[in-house]
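Read-outs: derived from the displayed coordinates by stated rules, not from any lab. These figures come from a predicted structure and were not determined experimentally.
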Amino acid sequence: MAAAMALAAGLRVARRVVAVAGPRGAQLLGHLLLVAKKTAKAEGLGDGYRLVINDGKLGAQSVYHLHIHVLGGRQLKWPPG
């Protein structure tokens, strides 16, 4: 399979929801990880994948929000970029 990057559908959420970091935030983050796993499977990334969350100015965001990138389809190196 060619290198793939899929943005897990439905993973964008308001930052303020996650920033609360209480039980609701934990449930939401857990749900996002489960959706990311389903997305990886749907994209044929069974050999492995990496989840990336960029946050804030130094995370290259101009519009502050949360989403998860699902990266895979090739050997990923460490440390990343």
task = Grab the Cα-Cα distance for Lys37 and Arg50, subtract it from 0.36 nm times how many residues apart they are, and report the gain in nm with one decimal.
result = 3.7 nm
message = Output wanted: per-residue J couplings in Hz (rounded whole) for the range 68-78, from phi through Karplus 6.51 cos²θ - 1.76 cosθ + 1.60, θ = phi - 60°, x for Gly and Pro.
response = 10, 8, 10, 10, x, x, 7, 6, 8, 9, 9
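Take every Cα-Cα pair in the range 22-81 and report what % of them are more than 17 Å apart. Can you show the working numbers first?
Numbers: 887 of 1770 pairs.
That fraction is 50 percent.
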request  = Mind listing the long-range amide H neighbours of Gly73? Cut-off is under 5 Å, sequence gap 5 or more, other chains count too, H placed in the peptide plane at 1.01 Å from N.
outcome  = Ala4
